[in-house]
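Novice: Supplied in structure tokens, the structure appears directly below.
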Amino acid sequence: MTSTAENIRVSAIEQAGPRTLAVTWSDGRTDQFDVVKLRRSCPCASCIDEWTREQRLKPDDVPETIRPLRIESVGAYALKIHFSDGHSTGIYTFQMLRGLNL
């Protein structure tokens, strides 16, 4: 079976370092994300204007000490990350995560 974006799933998530979150995908690929950059990339309507796609979140408003507190599955297509700054409305689709270069 060939892997496509539609059938890729998360196999494992782990804290790979103080600021690094590692996601292993069902196709064997592992991506590492800087959690501060991940928070700054939040796609929710509070962080990105829904109409213009301009970033509302100022990067300096995200502390360098931010950490994920909890990560939940959203169906079979995304992750919801609860961050230590109280933010938890972003839905990070698998497609988005695999396309991020953090």
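The values are calculated or read from the model by the stated rules, or taken from the named source; none is laboratory data. This structure is a prediction, so every number in the text was calculated from the model and none was measured. Neighbour counts run over all protein chains shown; Cβ positions are idealised from the backbone, glycine included. Quick note on the areas: whole protein, heavy atoms, side chains included, nothing else; ligands and nucleic acids left out. Shrake-Rupley method; radii C 1.70, N 1.55, O 1.52, S 1.80 Å.
Novice: Of the residues in the stretch 52-102, how many are surrounded by 15 or more Cβ atoms within 10 Å (Cβ to Cβ), small (Gly, Ala, Ser) and touching a residue at least 40 places away in the same chain (Cβ under 8 Å)?
Specialist: Summing the residues that are surrounded by 15 or more Cβ atoms within 10 Å (Cβ to Cβ), small (Gly, Ala, Ser) and touching a residue at least 40 places away in the same chain (Cβ under 8 Å) in the stretch 52-102 gives 1.
Novice: Conditions first: (1) open to solvent by 30 Å² or more (accessible area, probe 1.4 Å); (2) in a loop (DSSP other than H, G, I, E, B); (3) modelled with pLDDT of 95 or more. THR24 passes all but one, so which condition is the exception?
Specialist: If we test THR24 against (1) open to solvent by 30 Å² or more (accessible area, probe 1.4 Å); (2) in a loop (DSSP other than H, G, I, E, B); (3) modelled with pLDDT of 95 or more, just (2) comes out false.
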